[in-house]
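Trainee: First the structure, which I've put down as structure tokens, then a few questions once you've had a look.
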Amino acid sequence: MMCINALKRWAASSVVLAVLITCASPAMAHFQMLYVEESALERGAMVSMGLVFTHPFAGGPTMAMGQPQAFHVVSQRGDAAKPVKTDLKQYLQPIQWQGVGNQAAAYQAVIPREVMRSLGDYVFMLEPEPYLEKEEDKYIQQFTKLVMNVGGVPGNWHEPQGLPAEIQPLNKPYANWVGGVFRGVVLSQGKPVPFAEIEIEYVNHAPDLKAKAFAVQSSVVAPHPAYGNMSMRADGNGVFEIGLPRAGWWGVCALHVGPKTEYQGKPLSQDAVLWVQAKDMR
């Protein structure tokens, strides 16, 4: 009887310990990454880009991506009034990406110079296959944008692209100083989303496109779990503003803003993701 009681006490304490560990773990958000080393180029060049579905502040775990449903870039090709949309799916190559603690299916794209030879802005857009988050028994689909520039000539960086879920930038995403602020508008089918729920994460483990991996060592240590995945709400017009306290890449994700709420008989969250790069002023 004493042994049975001891086992019961051990089991109960183990459950409590597991709950405490879970509650103490840093909050992590899913972010579809479109990663390049530099978003502002002096001249046209070949560009290597990583497409990884992960938790950027923690560097993992990384989730396995399915075949992207669409991958495009919109550029002015020398004429901002007549943007050109180019299908980039032919440049996608499946890879295995090493995150902190695990490896998962991802993609890499080598965009040739012919695509990015002109001055101006290039708005990259990814529509990934919905991902089944088994722990929550729901699908996640994140419409993701990355804006690059060639030669400093501004173009269509601020224009909505007609995605079901989208963040319209109010600042150039590729030209931000550390210590500044970035503003944007959350859109669903082209209309602002009042009080949209937004998550922000810093890419805290340096991506290495050649090694197809995140650095194991983090750049900063969060003083509290809430700092890893920061949350906010847009205002009544769908407008938000975030600070940029550190150089590098910042992901902004507006949750549950797409029109579809179900996929293959399960709940679906259609999110909008935009990537912003900040530089130190030296």
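Read-outs throughout are calculated quantities, based only on the coordinates presented, and are distinct from any laboratory measurement. This one's a predicted model, so the numbers in the text were calculated from it and none came from an experiment. Glycine also receives a Cβ, built like all others from the backbone with ideal geometry; neighbour counts cover every protein chain displayed.
Trainee: Principal axes first, then extents: for the Cα atoms of the range 27-279, list largest minus smallest coordinate on each axis, whole Å, largest first.
Mentor: Extents along the principal axes: 47, 43, 41 Å.
Trainee: Separate question: Taking the Cα centre of the chain as origin, sum charge times position over the Cβ atoms of Lys and Arg (+1) and Asp and Glu (-1), and report the length of that vector in debye to the nearest 20. Intermediate results must be reported in sequence, preceding the final value.
Mentor: On the way: 23 positive and 24 negative charges, 53 e Å.
The dipole magnitude comes to about 260 debye.
Trainee: Quick one: helix 2-24 against the long Cα principal axis of the chain, what's the angle to the nearest 10°, folded into 0 to 90?
Mentor: It works out to around 20 degrees.
Trainee: Additional query: Under 5 Å between amide hydrogens, which residues at least 5 positions from ALA213 or on another chain qualify, with H placed 1.01 Å from N in the peptide plane?
Mentor: The list, which skips near neighbours in sequence, is GLN98, ASP208.
Trainee: Another question, then. Please report the relative contact order for the range 27-279, taking Cα pairs under 8 Å with a sequence separation of at least 6, and give it as a percent rounded to a whole number. Intermediate results must be reported in sequence, preceding the final value.
Mentor: Numbers: 708 pairs, mean separation 54.5, N = 253.
It comes to 22 percent, rounded to a whole number.
Trainee: May I ask which residue of LEU126, VAL221, HIS158 lies farthest towards the positive end of the charge dipole of the range 125-238, with charges of +1 (Lys, Arg) and -1 (Asp, Glu) on Cβ and the Cα centre as origin?
Mentor: Positive-most Cα among the choices belongs to HIS158.
Trainee: Per-residue ellipticity at 222 nm for the chain, helices alone: DSSP H runs ≥ 4 residues times -39500 (n - 2.57), over residue total, nearest 500 deg cm²/dmol? Write out the running numbers ahead of the final one.
Mentor: Numbers: 1 runs with 23 residues, N = 282.
-3000 deg cm²/dmol, from helical runs alone.
Trainee: Let me ask another. Would you mind calculating the gained length between VAL220 and VAL84 on full extension (0.36 nm times residue separation, minus the Cα-Cα distance), in nm to one decimal? All intermediate terms of the calculation are to be shown ahead of the outcome.
Mentor: Details: separation 136, 0.36 × 136 = 48.96 nm, distance 3.96 nm.
Result: 45.0 nm gained on full extension.
Trainee: In the structure displayed, which of LYS85/LYS145; LYS85/LYS191; LYS89/LYS266; LYS134/LYS266 lie more than 20 Å apart, Cα to Cα? Write out the running numbers ahead of the final one.
Mentor: Values: LYS85/LYS145 14 Å; LYS85/LYS191 22 Å; LYS89/LYS266 27 Å; LYS134/LYS266 11 Å.
As for pairs spanning more than 20 Å Cα to Cα, those are LYS85/LYS191; LYS89/LYS266.
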